[in-house]
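To start, the structure under review is shown below, and the notes come after it.
The values are calculated or read from the model by the stated rules, or taken from the named source; none is laboratory data. These numbers come from a predicted model, not from an experiment. Backbone-built Cβ (ideal geometry, glycine too); neighbour counts: all protein chains shown.
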């Protein structure tokens, strides 16, 4: 048997092993990710809030978008309030509209993005049960669209399909969030979109407010 053949075979096996190791990486590090996980900076809305007021969140992990754009952990995601009705009444539920359009990395220039806020969850605390791991959440009445041309998606089936297509992770951990699902008590997502007025969160029972640290899942168009 030729020693040269053995050497070439070993090299080929090493190359195959390296290739398999590469494909086993998190898809977000290979293809780029259409999703952004972030935490809300401050309570929204404040007592004196008004339509047009700024809203700021920060990314919780480094993210590389599908076009190669790198967003380091801690990147600011900037948005605004598009709709505001503080209390539910006979005319309808309380409502809060949010639209995010800009990423501001540390020591970098602003990046304009088309973002849809598709899921919200309470601040994660290890000592409490994380509702994002609960599979029997009520999804009815939620609709959303990422663009005018892609058409609407609604209900639990569409949320599952969108999460699979976009690479939204599953598994019950603290970042398992399904599009179209609001994990905040007594609140629902009435509609989500990357177009005006963005995402509408509503409640028939309480004031719609988001505490500092509220988890956000945004999809990039």
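Descriptive notes on the structure:
- Count - residues of the range 33-75 that are free of Cβ contacts under 8 Å to residues at least 12 places away in the same chain and under 14 Å from the mean Cα position of the chain (by Cα): 1
- Residue 173 being over 24 Å from residue 51 (Cβ atoms), assigned by TED's automatic domain parsing to the domain that holds residue 85, over 16 Å from the mean Cα position of the chain (by Cα) and modelled with pLDDT under 95: no
- Residue 137 at pLDDT below 50, in the same structural domain as residue 57 (by TED's automatic domain parsing), in contact with a helix residue (DSSP H, G or I) (Cβ under 9 Å, 6 or more places away or on another chain) and not in a strand (DSSP E or B): yes
- Matching residues in the range 86-101 - criterion: being surrounded by 14 or more Cβ atoms within 10 Å (Cβ to Cβ) and free of Cβ contacts under 8 Å to residues at least 60 places away in the same chain: 101
- Residue check, residue 19 modelled with pLDDT under 85 and either touching a strand residue (DSSP E or B) at 6+ places or on another chain (Cβ under 9 Å) or closer than 27 Å to residue 96 by Cβ (or both): no
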